Amino acid sequence: GILSVPKGAFPDVLAAMQRDLGVEGPVLVAGMAGSNRGWFEAPYVAAPASAAAIAAAAVPVPGARGVWIAPGVRMAPLHRADVMRGEETQILGAGVEDGLLCLPGTHTKWARVAAGAISAFSTTMAGEVFSLLRKHSILSGSLPVEASAQPDTDGFLAGLGAAKQGRFLSAAFGVRPMSLLEGRGPAWCEGYLSGLVIGTDVREGGVELGAAVTVIGADGLARLYADGLRAAGAIPRIVDGAEAFVHGAWRIAQKLDWEI
């Protein structure tokens, strides 16, 4: 991530990557390197955003010949203010022309694509809320000291069920009395909280019964969201996040005027 790159060191990091890969030539950079905390800022382009629109708004990096940075995407003022940077590249590379996509993580993205362009999206704090509740709330005493690689299945399913009631705050506190009064163990409670957060995220994502939803991400978390989507009556399809990024970057690169 950009926080691991010292100020002014982006050219050196890129040069090292090119040496390792044995490649030269023009480079398209996407993601947080184009933020105001990154290498060089590439202003957001407004949705709806196609590969061509993103390529048209890409900016050359001063002093770095042949290096371009793709912009992020923002919602127009008519909608709730929101931004993404990096996820747009994955979305464009997922092979979806029309439909709903979910990119789970610390800040989950729910995006709609129409005619191959990102038409609308929203961000939730799902992963961050789970982490905060797990580490810094009264619930932490009911959970394992170390996070589990995979949540307890029974607890997770119970959490998904609780999420359908639409009462997240009271359901979250329920972890404590279930631990105290019902003898639920730490692993079950952690699974329950995971299911509750993911189920609530799916509920807020506007998922319709029978709808196809493309989940972009790493295998473990993507599979949990796929389970949450199935519980909501949707039909999930998982796409690897790294592969989607490569395909999306290639789509943008093909639309970029490298000679400017």
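The values are calculated or read from the model by the stated rules, or taken from the named source; none is laboratory data. Note that this is a predicted model, so its numbers are computed, not measured. In this analysis, Cβ positions are derived from the backbone assuming ideal geometry, glycine residues included, and neighbour counts consider all displayed protein chains. The accessibility values were calculated without ligands, DNA or RNA, using every heavy atom of the protein model including side chains. Shrake-Rupley method; radii C 1.70, N 1.55, O 1.52, S 1.80 Å.
Things to note:
- Interchain or long-range residues, amide H under 5 Å from S50's placed H: I118
- Rounded to the nearest 10 degrees, the inclination of helix 241-255 to the longest alpha-carbon principal axis of the chain is 30 degrees.
- Label point of E182 set 7 angstrom out along Cα-Cβ; within segment 119-152, amide nitrogens under 18 Å from it belong to 139-144, 151-152.
- Here the simple spin-label model places points 7 Å from the Cα toward Cβ, and for R223 and M17 these points are separated by 2.9 nm.
- Within the chain, the longest segment free of exposed loop sites, counting GluC sites (Glu not before Pro) that fall outside DSSP classes H, G, I, E and B and have at most 12 other Cβ atoms within 10 Å, spans 25-96.
- Taken about its Cα centre, the chain carries a charge dipole of roughly 540 debye when the Cβ of each Lys and Arg holds +1 and the Cβ of each Asp and Glu holds -1.
- Rg(Cα)/(2.2 N^0.38 Å) for segment 174-223, N = residue count: 1.47
- Rounded to the nearest 10 degrees, the angle from helix 219-231 to the longest Cα principal axis of the chain is 60 degrees.
- The calculated FRET efficiency for E146 paired with R167, based on their beta-carbon distance and R0 = 41 Å, is about 0.90.
- Label zone of I2 (point 7 Å out along Cα→Cβ, amide N under 11 Å): in segment 48-83 this covers 72.
- Among beta bridges that DSSP assigns inside segment 1-146, antiparallel share in %, nearest 5: 75 percent
- Extended-chain gain in nm, criterion 0.36 nm per residue less alpha-carbon gap, R80 and A242: 55.5 nm
- Just the protein heavy atoms count here, and of the accessible area of segment 1-145 at 1.4 Å, carbon and sulfur take up 59 percent.
- Alpha carbon Rg of the chain, scaled by the compact-globule rule 2.2 N^0.38 Å: 1.12
- Computed lengthening from V59 to H107, 0.36 nm per intervening residue step minus Cα-Cα distance: 14.7 nm
- Rel. contact order, % - alpha carbon contacts under 8 angstrom, at least six apart, the chain: 19 percent
- The stretch between W250 and R230 holds 4.1 nm of extra length on full extension. This uses 0.36 nm per residue minus the Cα-Cα distance.
- Antiparallel bridge percentage (DSSP; both residues within the chain; nearest 5): 55 percent
- Alpha-carbon centroids, segment 89-124 and segment 153-170: separation in whole Å: 25 Å
- Taking 0.890 mPa s as the viscosity and 25 °C as the temperature, the Stokes-Einstein diffusion coefficient of segment 3-153 based on its alpha-carbon Kirkwood radius rounds to 139 µm²/s.
- Residues A52 and A211, FRET efficiency given R0 of 41 Å [Cβ-Cβ distance, rounded to 0.05]: 0.90
- The alpha-carbon of K135 sits under 15 angstrom from the alpha-carbons of these aspartates and glutamates, leaving out residues fewer than 8 places away in its chain: E146, E190.
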